[in-house]
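The structure appears right after this line, and notes come after that.
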Amino acid sequence: MEHILEINNLNKKFREFELKDLNIKMDKGYIMGFIGPNGAGKSTTIKLIMNLLKKDSGEIKVFGMDNIIHEKEIKNRIGFVMDESHFYEELTVTETKRIISPFYKDWDDKTFNKYLKGFGISPAKRIKELSKGMKMKLSLAIALSHNAQLLIMDEPTSGLDPIVRSELLEILADLIQDENKGVFFSTHITSDLDKIADYITFINEGRIIFSASKDDILEKYGLVKGAKEILDNETKQLFVGIKENKYGFEGLAKDKHEVKKILGEKAVVEKPSLDDIMLYFTRRTLNV
Amino acid sequence: MDIIISNSSQEPIYEQIVRQIKNLIMRGDLVENELLPSIRNLAKELQISVITTKRAYEELERDGYIYSVPGKGSYIAAQNKELLKEMRIKIVEGKLIEAIEAAKSIELTLDELYEMLKLFYEEVV
């Protein structure tokens, strides 16, 4: 099956930062979360997908088509939401729509009005009168009103309260009831993804650490707690990272089943959150 | 159909779904040819990922509990009646053993337990 989004060996070098050999594959019908700490390369990657930045080398395909050669066609089928509002503050919601809608071939006023109503956004309001959450919802309403098949969002939940975030997750779950659609979004608030994301791609310092199904990731890694005496040069190899304190240690095990086999009753193994995983992977690079 | 997902449980979520649907079939709450919710709808309702529900359905299909019709959905498969009954008897046995263990821990005699069982058997409709 053709991937809805496919990135092959993508490279982009800046003076002090480099995206190195990025590979991502995503199938339609699913939600992929793109996680990593600030400055890891999430926004750069998204800008490269949207052709807002020029790549050095590599290949980006959306709906199986090259993202530069078929840029216009692809963008007609992408809904794009950025982390900050880029609308003119002085215009009303309706005026904003009038400016944006002609750019899309399949713009649908009915859908747009339905979303505005659902989100409780008054069409007569000026952009500057909208709260941050409302602006994000307006972006989303626009992104969803031209029959987009792929929704790409850069940090849509940052700065939003938990209620708006949970509403957004519901909208996303609704969207992929259609198995031809897909969602790719970056976030550093991983609790948003713990529940509904199908795939997680984790980027750190411009490199992909892993890109896999969330269930496989949470199944594989384990948060281990135990007494410091069980740590030696050999057992330390079982961990991505270890945090020692006065009374014991906590670490992220590369393979929780192996740890259970080797350490048995001597350690407690818990299910990690994506936050735990992100933390230990990024800590290691700090410590080395 | 009730399915309750615990996010803090050690049991993987897809296994929780498999186990609960199997139980619903064994208890007779889900019957032959009954249509199950779609993979995507179940994921949305339970607020879990589509992959998780997909894996649960695949597991159930592999074990013969459900069958899927392309383009239509997943249905409860015909269950082997003998096997089903056997499984239900196993459930009863398990609960009886639990009761016996509880009774032994407070030193109830078999006769006392039997009297109790008889009383409740007649009471419960």
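The values are calculated or read from the model by the stated rules, or taken from the named source; none is laboratory data. These figures come from a predicted structure and were not determined experimentally. Every residue, glycine among them, receives a Cβ derived from its backbone with ideal geometry; neighbour counts consider all protein chains shown. Accessible surface areas use protein heavy atoms only, side chains included; no ligands, DNA or RNA. Shrake-Rupley method; radii C 1.70, N 1.55, O 1.52, S 1.80 Å.
Here are some notes:
- For the stretch A:202-288: rounded, prolate or oblate by the Cα gyration tensor [a/c cutoff 1.5]: oblate
- As a size descriptor, the averaged projected area of the C-alpha convex hull of the stretch A:222-271 was calculated at 3.0 nm².
- Charge sum, other residues only, whose C-beta stays under 9 Å from A:Leu169's C-beta, Lys/Arg counted +1 and Asp/Glu -1: -1
- For the stretch A:32-118, the relative contact order works out to 14 percent when only alpha carbon pairs closer than 8 Å and six or more residues apart are counted.
- Dipole magnitude (debye, nearest 20) for the stretch B:13-76, charges at Cβ of Lys, Arg, Asp, Glu: 180 debye
- Comparing the stretch B:13-76 with the 2.2 N^0.38 Å rule of thumb, its C-alpha radius of gyration ratio is 1.01 (two decimals).
- Number of partner chain Cβ atoms within 10 Å, mean per residue of B:48-56: 6
- Range in chain B, longest, excluding exposed GluC sites (Glu not before Pro) [loop by DSSP; at most 15 other beta-carbon atoms within 10 Å]: B:35-106
- Anisotropy class assigned to the stretch B:81-123 is oblate, per the alpha carbon gyration tensor with a/c at or over the 1.5 cut-off and a/b no larger than b/c.
- Neighbour net charge for B:Ser68 - beta-carbon separation under 15 angstrom, K R +1, D E -1: -2
- Semi-axes of the equivalent ellipsoid for the stretch A:167-208, Cα gyration tensor, largest first, Å: 22, 13, 8
- Remark: mean inter-chain Cβ contacts per residue of B:35-44 equal 3, using a 10 Å Cβ-Cβ cutoff to other protein chain atoms.
- Counting Lys and Arg as +1 and Asp and Glu as -1 over every other residue whose Cβ lies under 11 Å from the Cβ of A:Lys125, the net charge comes to +1.
- For A:Lys54, the aspartates and glutamates whose Cα falls under 14 Å of its own Cα, not counting residues fewer than eight places away in the same chain, are A:Glu18, A:Asp66, A:Glu71.
- Calculated log₁₀ intensity ratio I(q)/I(0) where the Debye formula runs over C-alpha points of chain A, q = 0.07 Å⁻¹: -0.31
- Taking the three principal axes of the alpha carbon atoms in the stretch A:1-143, the coordinate ranges are 47, 35, 25 Å, sorted in descending order.
- Considering only A:Ile209, A:Ile99, A:Ile127, the mean-square fluctuation computed in a Gaussian network model of chain A, springs between alpha carbons under 10 angstrom, is largest for A:Ile99.
- Paramagnetic reach from A:Phe14 (point 7 Å along Cα→Cβ, amide N under 13 Å) across the stretch A:31-73: A:38-48, A:53-54
- Among B:Ile100, B:Leu84, B:Leu119 - extreme Cα towards positive end, dipole of the stretch B:81-123, charges at beta-carbon: B:Leu84
- The HN-Hα couplings worked out from phi for the stretch A:6-18 by the Karplus form 6.51 cos²θ - 1.76 cosθ + 1.60 (θ = phi - 60°) are 9, 10, 10, 6, 7, 10, 8, 10, 10, 4, 10, 8, 9 Hz, whole numbers, x standing for Gly and Pro.
- Cβ charges +1 (Lys, Arg) and -1 (Asp, Glu), total dipole of chain B, debye: 780 debye
- When you restrict to C-alpha pairs under 8 Å that are six or more residues apart and normalise by the size of chain A, the relative contact order lands at 21 percent.
- Dipole magnitude of chain A about its Cα centre (Cβ charges: Lys, Arg +1; Asp, Glu -1), debye to nearest 20: 440 debye
- Each pair of Cα atoms in chain B enters the Kirkwood radius, and Stokes-Einstein at 20 °C and 1.002 mPa s then converts it into a translational diffusion coefficient of 127 µm²/s.
- A:Lys260 - accessible surface, heavy atoms, 1.4 Å probe, Å² rounded to 10: 90 Å²
- Between the alpha-carbon centres of the stretch A:204-276 and the stretch B:61-77 there is a gap of 37 Å.
- Summarising the strand pairing of chain A, around 65 percent of its internal DSSP beta bridges are antiparallel.
- Per DSSP, loop GluC sites (Glu not before Pro) in the stretch A:109-211 with at most 16 further Cβ within 10 Å: A:Glu179, A:Glu205
- When each of the peptides A:87-94, A:100-107 is scored by the mean number of other C-beta atoms lying within 10 Å of its residues, the order from highest to lowest reads A:87-94, A:100-107.
- Pair B:Ile100, B:Val31: separation of 7 Å Cα→Cβ label points (nm): 3.3 nm
- Computed extension gain for B:Glu115 through B:Lys85, at 0.36 nm per residue and net of the alpha carbon distance, reaches 8.2 nm.
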